[in-house]
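The values are calculated or read from the model by the stated rules, or taken from the named source; none is laboratory data. The model shown is predicted, which means the values in this text are computed figures rather than measured ones. Here the Cβ positions follow ideal geometry from the backbone for every residue, glycine too, while neighbour counts run over all protein chains shown.
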Amino acid sequence: MKSKETEEFTKYYQQKKVTGTYDSQREGNDYRKEKRKIELKIFLELIDKKPNENVLELGCSSGFLTQHLGKIIAIDTSEDMLKIAHGKNPLAKCIPADMFEIPFKDESFDKVVTMRVWNHLNKVDLIRAIREAKRVLKKRGYLIFDAEEKNLLRKIVAFFYQKITKITGFRIYQYSLKELKRILYQEGFRIERVKYLKHRIGRQIILKAELIDKKHREKM
């Protein structure tokens with residue numbers, strides 16, 4: 001069951017004013033374009049998609065990552081976003097669906113990835129999202145996602161930047177690497193790799209975590 005806040009998050013990214021300006025705002029200047037290139041490179045390195053792997057992307061948005069993943073299943077709650085994403089990657093199967101109620105059977109995917117989506121989830125909803133991703137992951141499958149690292153100055157600057165520039169964007173939650181490690185361990189994951197994307201202020205944590213069985217977990 002979705003929380004009230006995640007319902008608001010879903011509705012927010014279904015608005016025409018958001019879907020229609022998403023790409024132009026995210027790549028509105030040279031700095032943003034360059035940073036997105038670096039971010040993309042990190043994600044593709046961590047995903048390391050192999051032939052015949054079943055990969056699921058959660059909250060694909062306008063397909064910034066989707067377009068580089070070939071045959072993939074991508075879901076989003078915004079049908080407008082899905083149309084844009086599919087236009088960028090005709091090989092992708094783009095499905096209107098919710099990441100809290102993924103319409104696939106247990107253990108369907110080798111890897112689940114989400115980019116700049118779980119930033120918007122509080123701890124309770126983040127755990128719910130991780131559990132649903134875990135449900136559809138195969139044993140020893142991988143979860144790749146990012147989170148904004150805790151940084152008070154970035155939080156303050158981002159608040160005023162959004163007010164001044166009127167750029168669209170839902171509220172952001174920040175996490176420390178220690179918090180993410182604890183959450184992932186409790187949900188049965190082991191972090192395999194950690195990378196960082198530097199912002200002008202603060203950093204983005206980008207993680208690759210493996211779903212492990214109890215035997216391997218006890219050895220950790």
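I'd like to verify a number: residues in region 41-84 that are farther than 22 Å from Ser108 by Cα and among the aliphatic types (A, V, I, L, M), how many?
3
Restricting to region 152-177, give me the number of residues that are at pLDDT 95 or above and either more than 19 Å from the chain's Cα centre (by Cα) or among the hydrophobic types (A, V, I, L, M, F, W, C) (or both).
Summing the residues that are at pLDDT 95 or above and either more than 19 Å from the chain's Cα centre (by Cα) or among the hydrophobic types (A, V, I, L, M, F, W, C) (or both) in region 152-177 gives 1.
Which residues, counting only those in region 23-45, are surrounded by fewer than 21 Cβ atoms within 10 Å (Cβ to Cβ) and among the hydrophobic types (A, V, I, L, M, F, W, C)?
Ile38, Leu40, Ile42, Leu44
For region 27-43, give me each residue that is in a helix (DSSP H, G or I) and farther than 21 Å from Leu207 by Cβ.
Asp30, Tyr31, Arg32, Lys33, Glu34
Quick one: would you say Lys71 is under 23 Å from Glu132 (Cα atoms) and without any contact (Cβ under 8 Å) to a residue 60 or more places away in the chain?
Considered against the rule, which asks whether it is under 23 Å from Glu132 (Cα atoms) and without any contact (Cβ under 8 Å) to a residue 60 or more places away in the chain, Lys71 comes out as yes.
For residues that are more than 16 Å from Arg128 (Cα to Cα) and either exposed (fewer than 14 other Cβ atoms within 10 Å of the Cβ) or of a type in the set (A, V, I, L, M, F, W, C) (or both), scanning just region 178-191, find the one that is farthest from the chain's Cα centre (by Cα).
For region 178-191, the residue satisfying everything is Lys178.
Going through region 21-49 one residue at a time, which ones are among the hydroxyl-bearing types (Ser, Thr, Tyr) and under 18 Å from the mean Cα position of the chain (by Cα)?
The one that is among the hydroxyl-bearing types (Ser, Thr, Tyr) and under 18 Å from the mean Cα position of the chain (by Cα): Tyr22.
For region 13-22, what are the residues that are in a helix (DSSP H, G or I) and surrounded by fewer than 16 Cβ atoms within 10 Å (Cβ to Cβ)?
Lys16, Lys17
Quick check: anything in region 18-35 among the aliphatic types (A, V, I, L, M) and touching a helix residue (DSSP H, G or I) at 6+ places or on another chain (Cβ under 8 Å)?
Yes: one or more hits.
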